[in-house]
Amino acid sequence: MTRKISNWFTTDQAKTDLRILLNRPVPSSQTLKDLESELQSAWHDGCRSVSDPRYNDGRDRLPLYAITYWREVTKSIEQQALWKEAAEWVSDQHREWATVNGKGELVKDLGVFETLASILVSSKVPTRWGAVPAYSLAKFLGEKWMGTDNITFMLDTIVGRVAGDRRMKGKVWVMPPEFSQAIVEYGSSDSATAARGSRLLECHEKILASAHKVYAPFNINDCHWVAVCLDLTSGKVVYAFKKWVEDKLGRTISIGGDELKHAHQNDSHSCGLITANTIESNIFGDSLWTPLTAAEGRLMWFNLGGRLAIPRKQRAEAEKPPNPKLSIHHLLNPDVGQATHDEIAFVGEEARSTESGDDCGRVSDKAEVAVAASALQARAQSREPGQAGPLQAKPSRALLNLAVRPGWAQGPA
Amino acid sequence: MSDNEHGGNPSQDEGVKQEDPNATINIKVVSSTGEEVFFKIKRSTKLSKLQGAYASKVGKDVSSIRFLYDGDRIQEDDTPLSLEMEDNDTIDVMVEQVGGRRL
């Protein structure tokens, strides 16, 4: 039934107990949108309450902020649906892999179910360009398109790896999607848009002046991500980068072609992951993304972000160190124990070098996760030629523990 | 406004105003097309409120836009006070982009 949106607003004082909303469905998205756009003019017309004509013949008089309540509830419902879909995808993958050699316990080993259950909807994943909402991580689990938040998180992890490599520090830069958007704006023919792009890029001029290579994700028509490399040593670049580099960095460059080594996408949803992989592959020599390992890659990214989104205290509680006494399992599997010990030492050093306060604690978490990610990648690369792609072979428990438990590598169960 | 409020050392008054969480501040929100929307808010008000108001004003979902101040994303709990914003400062709006398709 269609109701005029003006019927929702009244000049009466709000007097209905707001708790009645707890047992009432929220209005449709379209109605909510209309209510929000009408709210300002209704307020100027003297309206002081909302009447919800769907119930009680419209006799209820709810405060105007009931609209905000509905908006927030709608957001929660949408996020829950996204999360539910993601959880179902993980369960499906787990069932599908049950009989696949090397993958049977992968979902469990990565601790994906635990991570899914531990993340609060309102939690955030910290990145150096500002936190991104944890619910966006659900897009990794399934065939969802990657959004700005996902790309930002993946690139932040790559920046963590670059920062840990002395040879690259200050020479290789990986920039967030906002940088690419500003570059596109700078190249715009509209003067106001170009001026804003120029202003947004000002802060990057100094740091990039001495860069050798700059990687950034560019979005095409809001449907496709590509990795772009500005190679200042060879003087090659693609897209609008050229104009900004010549204007502001004072260097002459030419437009290159499709020269970055990259995987070939064969589906309609993986370009965001391939973009991050292209950058990783060109900087660190990581294996290229393959369709065979697409699902594992998504699980890994989700897990890395998920661990960062879980509050530090909660994580510490769940990750209490195991009993230091040697168990029978340790005695029977000395190699596993040794590998774990070595990798703990490496992560510990990384953490100590970055941790000096509360805020830095978050940074150390990221450093650990970045190290874990690179360790997993390194493990994947060191496989025998002809073997399946990265992570297809079952990673060691020690490495998996590192990936899922930053800060503490748990001993074998 | 009382006469007394006009007196005194202007720079000192300005300093007090900067620190006062209840003092208001004018903020300009600029989109990629250069459209400007002005807001006057308390220095202690969470900028997430401003973000919601802006989204509703331009008819977009707040989760589909990003707000940047000095190039960094504004977080939910940030306030003009916590970001040390000054009167007439600019917040830039970036739209959320998505992608997945093969070209």
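The values are calculated or read from the model by the stated rules, or taken from the named source; none is laboratory data. Since we're looking at a predicted model, the values are computed, not measured. FYI the Cβ positions are ideal-geometry reconstructions off the backbone, even for glycines, and counts take in every protein chain you see. The accessibility values were calculated without ligands, DNA or RNA, using every heavy atom of the protein model including side chains. Shrake-Rupley method; radii C 1.70, N 1.55, O 1.52, S 1.80 Å.
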Dipole magnitude of region A:83-138, debye to nearest 20 (Cβ charges: Lys/Arg +1, Asp/Glu -1, about Cα centre): 260
Listed pairs A:Lys4/B:Lys60; A:Lys84/B:Lys40; A:Lys171/B:Lys28 exceeding 32 Å between Cα atoms: A:Lys84/B:Lys40; A:Lys171/B:Lys28
Fraction of accessible area attributable to carbon and sulfur, region A:141-226 (%, probe 1.4 Å): 52
In Å², nearest 10: area of B:Lys42 left accessible to a 1.4 Å probe: 100
Cα centroid separation - region A:92-116 against region A:61-80, whole Å: 36
Cα gyration tensor shape for region A:14-171, rounded if a/c is under 1.5, else prolate or oblate: oblate
Per-residue mean of C-beta atoms belonging to partner chains within 10 Å, peptide B:76-83: 1
Accessible surface buried once A binds B (1.4 Å probe; total of both sides; Å²): 2800
When each of A:Lys206/A:Lys261; A:Lys124/B:Lys49; A:Lys33/B:Lys42; A:Lys144/A:Lys169 is checked by Cα-Cα distance, pairs over 23 Å: A:Lys206/A:Lys261; A:Lys33/B:Lys42; A:Lys144/A:Lys169
Inter-chain shielding of B:63-73 (mean C-beta neighbours from other protein chains, 10 Å cut-off): 5
Residue-averaged beta-carbon neighbours from other chains (10 angstrom radius) around A:215-222: 3
